[in-house]
Structures are given as structure tokens and as C-alpha cells.
């Protein structure tokens, strides 16, 4: 069960300048009706993620079973949409201590920082490790670079059997990795061509690592399916959770000047979910001069870091709190409590965390900072699948409200092309020249 | 050696609308002169951090030596300014793999999320662990709560000798923990009363954990001392690195509408530094409706998550790239490289990371997004001490530019007081009533 409490974004609580009027949401009924139709028309095209709850996952489950029997470590080699979702599901469902207690251990190689690469490699034995290389295009530089080094290690250490240690997840036809998998006969999974990387966690991209780590992926998809059904049946903005989330943020942005969307998780196991949301929101909506900047925050830590700014700084933020009612672990304050701290006696850490969230919410309301709270009763695969689906739909819907394409990311190409030029890739000589012009150092202070 | 390349914030590169003119900086010469005097007048008051490079650290070193001999784990119990700096110095100097290879292992208990608490406790043996409880006020709820649970565990497991496992770092006179340390005869360190929490990393707060983990804290302070000297001798905005950083961000904010300050580290060992900066910038400057929102980013990961937004979204950002020339580990792409990937042959991961940064910078310049790059030749204690000092001074100086008090955080109190009301602390009954009024649920969607 998920509760979306949006009391604290509405005018009854915040007044009419900072708060949203019920009528302001009502005004979008006709627009929602039109966009709803458009979304379902595009279901098999760029809104392809809507099909994922209904996919056949028998091959994933079978492969996961074999991996569990044969390997101690499972390493995702991917970046952005090919890594953030995997980490999200893992942390949210399995918690932060999974690797301390379970096999196969789960790691992600998601950067070309060699020290980060080394950190993972130092913790695993490649002879007992399987690498799942994930890239939609099949040619993402960071992923391919990490893969080539892993490949060399495998060939050196394992010898002829190296192919057993690799699974490739990529486009069914295009790209270097698809060609490589076919040529070498390496086990592979497809990423549906119409599915965008950042919307792919509930596809083969995210499901294999989840299943390998013991997560019930049927239940994960059941949650997403429930999200699908909720969103399909309701065009009432107050009844459709995805449209509601999208609309609140859109109105907050374009009518109230909330250019920043803070997501503050009062549960460390949702920390990775916020990273995933950050990509989804930024890359889908940040275009043509539009889009909110997503900001990650963790409670209660950031009460001691960011809350001063949220309350007394510029009124440019809307905050979404994430909370989970259940805690798998807890610690009670007992024993000899000094008189000055009597109010802590008998409290558990979880109770204190919940109280800190309540205190922060009240302080934001008092300062007229709009905030909504999404509460999961527990971090079950069902709830996480549902939450993921809702945010994907909220993002796709928001793209239509902003009248931008939520599924492309054209501005990312420029930097990639300069990098290709610098690496000496054929056909990018022109970009190298352009780079040289743009990169002149004119103002430098050396100390 | 640290290089500050600010070419890409200036008008020569970005044009006059987005870029800063040399004259715009020049115009602050008289203001800088006045503020420079004010800063040195306040050196022993609220700008107390300026004294830290010159402190006596012999007791810290002696205590660290004893801890190293007797314990396997060192756990900081703190939050905000009492934890972020410790993690910053540790990660920046010792890297991400310190705990895999060294003793005493280093952990931080910085949240009341019981699952995070459990994660740390599951990795240590309290019999071989010393806990450094750090809080300026001596009564921070999260820290005290964690401490009381740790205390109970120690008494249960260790018995009479529990006191040997605690070091308290707090105000010399005030607060619960000072009283407790004095009554029980527990080893303790002072936090200078005029020193703000978020400016305290180079005091006893951050130095003990650093020394315990083998970091040369003399060199750390030498770097800070060099920063002090650089800033003392120059009132030239182009020669004083702290004033330059402060002024560029101030002008970008108030004259160019850059309400967001992104700090993007192209080195995972500086990830914690960005967390530290986030608190420093947000809590010091985010007041009276002013202040930039700091945003954390990691390269090259966030090229696949945030760069689309930075380039093509609202023009409300100034970006600071952090980079380190040296890498302690590296991996070269060798062996049989497929023809389509020939451009990667012979490259190392570090070279690719550097190229990705260069490509991203050029793409930002082309899109007229202001950015500066701070490059360390290596992550030495000297450089990290220097960088910390410069950012503290840049922050203090910026507070004076904005005409806010950079050393208080009044807006944090409100949420704390509501929390006290909810916990039933005496004297906070009124806050509980106020909370009840503010927290009414008026709009809820349950799914």
C-alpha cells in the first residue's frame, strides 16, 4: 500500500500564493483527457514501458536460477539507465546489508574512475563472478571500456571458459555488443528497441540482477501492473496517482516558480531510488529551457545540511518526502537515561526518524514550502514495482504537459562527440577542431 | 598544486549575457578591501576557522597513536558538520578502498535510520571498537540517540571497561555530553566555542579520525595554512582564490540568475567533499530568501543522468568541476580490440575519464553554461587541507557579499522544536499543539 499525502502543496495549507487551488488542478481535466488518449495511442511506441508489466519473464527466471547455482558475485557493467534502476531495486527491496549476508553478492561497475573500478574488482574473484554488460546502444563508451578490461581479465584468468562469465543485455539487432554476442555465442538478453534506457528497469535490464539477488520479480511486475491498471482506469486528476504527481510538479514549476524538485528519502534503502528519479526527471524533462532540477536529499541527515536553505532560502523548491512505515531492524533506547534526555527513553531509532520527518514537514508548511509525502507500508517488490511505474508514467505525462519529448536526450550527444574527437575516433576530426577552439584557457589561477 | 580554471565563466568564452566581464569583477575591488578588513577583524570571533591551521595538535596525535595500537575500528557518531568533514578527508586522502586494506577501519553513524545503524554495527566488533561521539551542542538528537544505544551495548558487552571505548568531542563547557564526559571521566576533546559545526573539519572534530586513519594531519594543516597565507596577502580578486570563487558565484547568482551551484566531481574519492560543500554552501548562504542551491553530481556517471538538463534545461546553473590529475590505480585497454572500437586501444580508464570531462566542458561552453574547473595534481593532505580552507573562506566571504550571517542556521530550529514537542520533551507542549494544527491531512490518495 502506498499513500500519497499532498495536503501540504494545496492552498488550504499554504495560502493561495504558494499553494495550489483545487480548481487549478480541476482546470486540467480536458487536457488530461486528451493526453490520456495520446498516451495509450503511443503505448507501443515511445511509451513502451507500459508493456513491461505484461512481459514473459520465464527466461530471466531460468537464467537467474543457473547463475545463483554457479556464481558468488554478479556484477552489472552499465551506466545511467543501465545501472541506476538495478541498484534501486536491489537497495529498496534487499536493503543495504544484502552483500554482508547473501550470495551472489551484487556490484555495479558504473564509472570509468579507475579507483572505483578497482574497488569492485578487489572485492570479487573473477573465477566465481558473472558480468552482466548492459547498454541499450551497445556502444556506450564507459561501459564498453570497462567491459574490454573485464574481458581481458577473464581471458587471462579463466581461459577458454570466459564466455560463461558474461551475459550481454542490449538491442536485439544493433550495436557492437549485439554483434559481439552473436559472433561469440555469448548468452544475451534483448532490450526492446522502443524502450528508453531510463525507463528500462522493469525490462531485462533490471529484472535479471533482481532475480539473481532473490527478489520476487513476479511480484515486482504485479506492482507495476497494478500501477498500469490504476492509471488506465482513471482520468480524474485526484484519482490517478501518476497524473496527480505530474500535475502538482508542473503547476508548482510553471505557476509558482518551483524550479527545483527535491526528493528527500527518510529511509536510506530508498537512496538509490532518488538517484534513479534524478535521471528520470532531469533527462526526460530538462530540455528547450524547461524542466525542474531534481535534487537528492536524505533524512534526517540533510536536516543538518539542507533544511536551512529549503526553509529560509529562495522559494524555488517543491519537496517530495519518501517514507517507509516498516523497518526490518530497530533499536530501542533503554537503560539508564540521564534526566536531561528523558524524552528519548523507550523511543526506538525508527520512531525518532519518523518524528524528525514530521517535525520537518511541519516546519516546511509553516514556512509555506510545498511538500508531499509518499509513504510505503513496506519495501516489498510489489510496492517498489508500483512506485517505479508511477514515476515513469508521471514523467511521461509531464513531458506531454511541458510539450517536450520525454524520451529523447539530444543534448547529451554534444559532449560524447567531443570525447570521440579527443579519442581519435574516425569521422570526428571536425569535433576535435571545434573542441580546441572551445577549450582555450584564458583565465587561470595556479596556487 | 591546485589550478582554478575560470575561463569558462567569463564573457570572452560565453558572451556578455551569460559570461562575466573582467570589469564586473574589478568593480568589487573596494568592497573586497572593506570585507577583507572585516574578515580579519572577525578572525577570533565567528571567522574562527581561520585560526585552525595554527592550533596545537600534539594531544590529537598522541591519542590517535594509542587508538591505532588498541582498536580495530573507529566509529564517528555525529551528523552534519560533525560527520561530513570526517568522511571528506578520509575518502579524499585515503581513497575508497581504505577499509578493505587497513586498520583501524573507519565508519560513520550519521543517521537514525535503524537499518543504516545496523549496517555499521553488523560490520564491527564493539569489543575492538572505539566510538568518537561528536556534537558541538552536546545534545543533537540523532547523535545522542545513537550514542545511548551504543553506550548500552558497550556496558552489556564490555562491562566495567566501557569508558575506554568512548571519546567525546564537544563544547568545552556546555551541553549534555560535556557534563557526561566530566562526570564519568571519559576522554574528551573540545570544540572551540566560536567555531561553527560546518567549519569544524580542521579542528578536533575532523583531525582525530584523520590521524587515526594514518593521514598526516600536520600536512593537512600546512595546506590550510598556505590557504590562510594566500588569502591574507591578496585583496586582488584575481589573485585571492577564495574571494575569486565567492565573487564568481555571487555575480553568477545575483546578476546572471544562476540560482543553482552544481559541483561535479570527476573523481569518486571527492564524492564526500561535494557532500561537505553542499552543507557549507546551503546552510551558510541559504537565508533571507537568498543563497544558491548546491547540487551534487559525479562524472562521468551523471553525464548519463544530468547533463541533458544542464545543457538544454533552464539557464539557472553554474557548474564547478573537480578533478585530480593523479590516479593511484589505472587499467589499460589492451588485447584484441574489435575494429569498431579501435579508438579505445591503449587508452586507460583514467584517460577516458579525463577526456569525458573535457568533452563535457566543451559542450557546456558551447551551450553557454558557465563552468569552472578546480584541478588538484594529487589528493594529498596538503591539497585537501588547502581546498577545505579555500571553500570555508569563499563561503564566509560570500556571506558578507550577500549581507547574511554565514555562521548561523536559525531556520533549522523550527523542525527540531516540533520534533521535541512530538517526543514529549518538557517545555515543548506549545510546539506540539502547533504541530497538530500544521499537520492536518486534507488531501490524501491511497493506492
Here are some residues: B:368, B:350. Which one is more than 17 Å from the chain's Cα centre (by Cα) and more than 7 Å from chain A (Cβ to nearest Cβ)? B:368
The condition of being closer than 15 Å to residue A:164 by Cβ and not assigned by TED's automatic domain parsing to the domain that holds residue A:265 holds, among A:105, A:116, A:128, A:101, only for A:128
Quick one: in region B:123-135, of everything that is more than 10 Å from chain A (Cβ to nearest Cβ) and outside any strand (DSSP E or B), which residue is surrounded by the fewest Cβ atoms within 10 Å (Cβ to Cβ)? B:125
Per the filter on region B:398-447, residues on the phi > 0 side of the Ramachandran plot and within 7 Å of another protein chain (Cβ to nearest Cβ) are B:424
Given (1) assigned to a helix (DSSP H, G or I); (2) crowded, with 18+ Cβ neighbours inside 10 Å; (3) in contact with a strand residue (DSSP E or B) (Cβ under 6 Å, 6 or more places away or on another chain), identify the lone condition not met by residue A:138. (1)
What tally of residues in region A:171-187 results from selecting those that are within 14 Å of another protein chain (Cβ to nearest Cβ) and over 17 Å from residue A:129 (Cα atoms)? 11
Checking residue A:283 against (1) outside any helix (DSSP H, G or I); (2) more than 29 Å from residue B:147 (Cα to Cα), which test does it fail? (1)
Meets criteria (touching a helix residue (DSSP H, G or I) at 6+ places or on another chain (Cβ under 7 Å), under 24 Å from residue A:303 (Cβ atoms) and either facing another protein chain (nearest Cβ under 8 Å) or in contact (Cβ under 8 Å) with a residue 40 or more places away in the chain (or both)) for residue B:292: yes
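May I ask you to verify whether residue A:156 is without any contact (Cβ under 8 Å) to a residue 12 or more places away in the chain, part of a helix (DSSP H, G or I) and within 13 Å of chain B (Cβ to nearest Cβ)?
yes
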Pick out the one residue from A:150, A:120, A:75 that is in contact (Cβ under 8 Å) with a residue 12 or more places away in the chain, in contact with a strand residue (DSSP E or B) (Cβ under 7 Å, 6 or more places away or on another chain) and not in a helix (DSSP H, G or I). A:75
Within region A:333-345, does at least one residue satisfy the condition of being facing chain B (nearest Cβ under 7 Å), buried (at least 22 other Cβ atoms within 10 Å of the Cβ) and touching a helix residue (DSSP H, G or I) at 6+ places or on another chain (Cβ under 6 Å)? yes
Yes or no: region B:19-31 includes at least one residue that is within 13 Å of residue B:248 (Cβ to Cβ), out of contact with any strand residue (DSSP E or B) (no Cβ under 7 Å at 6 or more places or on another chain) and buried (at least 20 other Cβ atoms within 10 Å of the Cβ). yes
Within region A:205-224, is even one residue under 20 Å from residue A:142 (Cβ atoms), touching a helix residue (DSSP H, G or I) at 6+ places or on another chain (Cβ under 7 Å) and in a loop (DSSP other than H, G, I, E, B)? no
Among the listed residues B:90, B:123, which satisfies the condition of being within 25 Å of residue B:218 (Cβ to Cβ) and assigned by TED's automatic domain parsing to the domain that holds residue B:209? B:90
So the check is Cβ under 6 Å with 6+ separation or different chains; which pairs have a first residue in region B:9-24 that's within 11 Å of another protein chain (Cβ to nearest Cβ) and a second one that's buried (at least 19 other Cβ atoms within 10 Å of the Cβ) and assigned to a helix (DSSP H, G or I)? B:9/B:248; B:13/B:7; B:13/B:365; B:20/B:9; B:20/B:251
Within region A:312-330, of all residues that are touching a strand residue (DSSP E or B) at 6+ places or on another chain (Cβ under 6 Å) and at the interface with chain B (Cβ under 7 Å from one of its Cβ atoms), the one nearest to residue A:4 (Cα to Cα) is A:316
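Of the residues that make up region B:28-38, is at least one part of a helix (DSSP H, G or I), within 19 Å of residue B:257 (Cβ to Cβ) and either touching a residue at least 24 places away in the same chain (Cβ under 8 Å) or not assigned by TED's automatic domain parsing to the domain that holds residue B:318 (or both)?
There is no residue in region B:28-38 that is part of a helix (DSSP H, G or I), within 19 Å of residue B:257 (Cβ to Cβ) and either touching a residue at least 24 places away in the same chain (Cβ under 8 Å) or not assigned by TED's automatic domain parsing to the domain that holds residue B:318 (or both).
The values are calculated or read from the model by the stated rules, or taken from the named source; none is laboratory data. Owing to the predicted nature of the structure, the values given are computational and were not obtained by experimental measurement. Cβ sites come from the backbone with ideal geometry, for glycine too, and all protein chains shown count toward neighbours.
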